[in-house]
Amino acid sequence: MVVRLSLFLASICSFATEVYATNVIVVMTDEHNLRTISSYRDHLLKKYPKDSVDVWGEDVFVETPHIDSLVENGVLFSNFYASSPLCTPARASFLTGLYPRETGAHYNHEPMKETTKTWAEVLQYNGYYTSYNGKFHLDGDAKPGWKEEKERDFGFNHTTYRYNRGHWKCFQELEDGSIKVFNSLQECENEFDNVEKYYSTDFLMDRGMEFLEEMAKEKDQPFALFLSLPDPHGPNSVREPYKTMYSDLDIGLPPTAEAMILRDPSVPDFYRQTQYVKYNSSLDYEDAEEYIASLNDIDSLQVSQNKQYPLSKHAKSYFGMVKLIDDKLGQLLSKLKSLNMDDCVIVFTSDHGDTLGEHGVINKGLPYEASVGIPMIINYPKKLTGKTVIETAYSQIDFTPTLLGLLDIEDTPQGYMAHGVDGSNEILQGHEGDGNTQKPKLSANNDKIIISSHQWRLDESAGLGWLAAIKNGYKYIVDYEGYPTFFDLNSDPDELYNAISMSEHKEVLTSLKDAIVKYIAEHGSSYLQDEILFLDPPSCPNKNDVLKLLANGGNENQYIYCNDVESDRALCSISEVRNHCPISCEVDCQDSKGEIYFKGIVATCEDLADECQLKEISSFCPQTCESNPCSDDSNFKFRKPNGKMSNCAYIMKNNFSASKRRTKFCKAQVSESCKYSCGFCRDSINNDDNFEYMVENSGVIITCDKLLQFGRERRQRHCERIFDGIPVKDRCILSCGNF
């Protein structure tokens with residue numbers, strides 16, 4: 001490595017800037033739970049109860065003195081968030097200052113657009129020599145995908161040790177310059193007596209220190225070094241002595257996991273969308289209590305899809321990986337000092353978090369703090385003296401403009417832009433001449449709001465998702481297929497209780513909703529144009545959590561879920577059950593006083609009277625839709641010709657032709673109760689049975705009934721066509737629906 005880098009530096013040193021510039025080192029870990037960094041734990045303990053901080057048990061934590069030392073002459077961001085808690089989109093935002101959707105790297109394994117400008121390109125433009133070591137995850141599917149070609153450098157001069165993706169435990173550089181990867185630690189240990197020089201964290205950090213030694217020879221050449229470590233992301237295994245360093249820790253199931261399994265309180269709608277390992281949340285209450293007891297008794301935990309997931313073993317290895325990272329950072333800091341290069345900007349961060357058992361989930365993808373919240377520490381002794389904790393909400397889109405602001409860089413290459421804001425003024429505020437390192441300075445802009453999202457659909461294949469607006473102390477989450485959630489983190493740091501209906505939060509909630517709507521208008525309108533998003537919940541939805549009642553004269557507990565009520569309506573004679581399950585008990589509900597995002601506008605029930613055919617609208621506006629002649633009766637059931645019972649939705653979902661609907665199903669009471677599905681609602685939403693048109697070039701004749709035989713995308717394309725000056729969707733209103 002030293003020879004190759006020396007030759008390259010010799011070729012560029014003549015381009016070094018004449019002006020002294022500050023060197024930059026960024027250390028990024030992968031999937032890092034910020035509670036495992038002791039400086040973050042210390043800060044959380046000042047704000048929240050101890051059992052909300054030490055979630056794995058009494059005093060179960062990791063000491064990270066070297067990471068913590070960066071705060072001594074630096075800043076700790078206590079509310080820094082991933083733009084999306086997933087590797088590829090998070091890294092894209094961190095490098096560019098753009099929301100993931102604008103980079104092309106919206107989901108894992110998507111390649112970032114080659115035209116996207118990164119902060120490395122801006123530094124390069126200003127005379128910096130730049131190097132990237134480690135995981136990149138922005139070059140598509142390539143695995144490992146070592147960087148070889150000159151294209152797709154994204155502003156990094158030296159990329160010999162940059163690979164695309166994969167969580168390899170060991171690397172070996174061969175004589176021909178190629179790098180061998182090891183899939184598992186066991187495979188590595190089988191080949192080498194001592195794996196220390198090959199283990200991924202050691203290998204990449206050692207290459208980084210070699211880079212520093214070479215750069216020390218080029219005194220006038222400013223540089224930026226990005227060290228992207230694959231740990232502590234799984235597979236959870238680490239070399240000795242870290243493998244057994246925490247073997248004596250008594251690691252328990254986090255209380256939020258127990259609450260999730262018991263559904264007490266209820267699980268938010270966004271929770272069901274996680275694709276990652278989670279514990280069983282579909283048990284009856286009595287079985288759930290027994291299940292939790294078994295999880296706390298054994299080292300191997302039964303979770304979804306019949307997998308065994310050893311949380312205790314997993315967490316102990318995870319802690320070991322974090323400790324190794326901290327020790328290697330200590331070596332890096334010592335190297336900088338020995339080279340007289342310790343006046344640089346040093347950034348320690350991660351791409352996203354890891355719930356590590358909290359809320360019954362392993363890994364990432366959810367808007368909980370442990371998943372979407374990430375560490376961000378910036379050390380800059382040249383300008384920062386003493387400690388600062390910034391409680392203002394920031395996200396990865398803010399990093400690029402903030403870094404450039406700290407470096408006083410204003411000259412940018414053509415095409416550079418960022419969605420984020422420059423936070424350097426808040427970082428620098430009050431630092432000049434402040435040498436008090438004992439008591440950290442606190443800074444908070446409680447009005448700043450950041451946006452985070454996950455799996456937010458771009459097209460039909462992108463799946464479900466959520467969108468969150470977050471400010472200091474508060475978090476509002478819109479779910480793509482459910483109702484919104486609002487957490488007051490000040491009073492509920494465990495994120496267990498949906499406080500969306502509490503009147504004291506009205507002003508905060510309004511600001512967060514406005515931020516969501518603004519984001520959709522600026523970055524999501526094209527793919528959310530015809531979607532329905534609940535900005536508020538209905539006035540009386542079924543509750544998802546357990547209802548505990550006293551039975552048999554108060555001598556024993558009875559546990560009821562709304563699903564139980566569907567099969568035993570006699571339960572609705574109990575007032576507590578009617579209040580808990582108003583939909584299941586067919587309680588007359590009021591229209592919601594809240595809002596829905598629909599067809600590009602924020603709408604209330606007053607605006608939605610003509611959309612009652614949609615179940616989402618009818619559940620949100622039950623009074624409006626009850627008097628609307630254009631809706632189906634959602635409670636009506638009828639017997640099909642085969643003798644089985646069905647409802648109005650069956651008529652629509654099977655794409656029956658209008659004539660078949662009327663002759664086979666829509667007779668007598670069915671036609672009255674299923675007005676929309678039968679096409680008898682009113683003339684304005686019927687198909688024009690006489691309308692037909694010919695498709696160009698093919699000669700195929702299309703009728704309104706024919707449209708119902710098409711898939712969603714094909715039907716939408718036809719519905720948007722115009723014939724004789726009239727859109728097809730205005731002729732085939734029933735078939736086209738809301739297209």
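The values are calculated or read from the model by the stated rules, or taken from the named source; none is laboratory data. A quick note: this is a predicted structure, and the numbers were derived from the prediction, not measured. When we count neighbours, we look across all protein chains shown, and the Cβ atoms used for this are built from the backbone with ideal geometry, even at glycine. Surface accessibility is based on the protein's heavy atoms, side chains included, excluding ligands, DNA and RNA. Shrake-Rupley method; radii C 1.70, N 1.55, O 1.52, S 1.80 Å.
Work through the residues other than A370 whose Cβ is under 12 Å from its Cβ and net out their charges, Lys, Arg +1 and Asp, Glu -1.
-4
Rolled with a 1.4 Å probe across the full set of protein chains, the surface gives V546 an accessible area near 10 Å². In the context of the full set of protein chains, residues of the stretch 135-214 present 42 Å² of accessible surface per residue (probe radius 1.4 Å, heavy atoms only).
For K382, K644, K316, the ranking by accessible surface with the largest value first comes to K644, K382, K316, using a 1.4 Å probe. My understanding is that a pair violates if its Cα-Cα distance is over 30 Å; which of K113/K328; K113/K337; K47/K506; K47/K197; K548/K644; K328/K441 do that in this structure? Pairs exceeding 30 Å: K113/K328; K113/K337; K47/K197; K548/K644. Within the same chain, lysines fewer than 8 places from K640 are excluded, and of the rest, those with a Cα less than 19 Å from its Cα are K653, K660, K664, K667, K675. Cross-link check: pairs K50/K387; K615/K637; K46/K323 evaluated at a Cα-Cα cut-off of 20 Å; pairs beyond the cut-off: K50/K387; K46/K323.
What number comes out for the charge environment of K593, summing +1 per Lys or Arg and -1 per Asp or Glu over other residues with Cβ under 14 Å away? Don't skip to the end; give the middle numbers.
Details: positive: K506, K513; negative: D536, D591, E595, E606, D607.
After counting each charged neighbour, the total is -3.
Dimensions of the stretch 31-74 from C-alpha coordinates, computed as largest minus smallest value along each principal axis and given longest first, are 30, 22, 18 Å.
Under 19 Å of direct C-alpha separation, and excluding same-chain neighbours fewer than eight residues apart, K219 reaches these aspartates and glutamates: E18, E210, D342, D343. Summing charges over neighbours of E522, with a neighbour being any other residue whose Cβ is under 13 Å away from its Cβ, gives 0 when K and R count +1 and D and E count -1.
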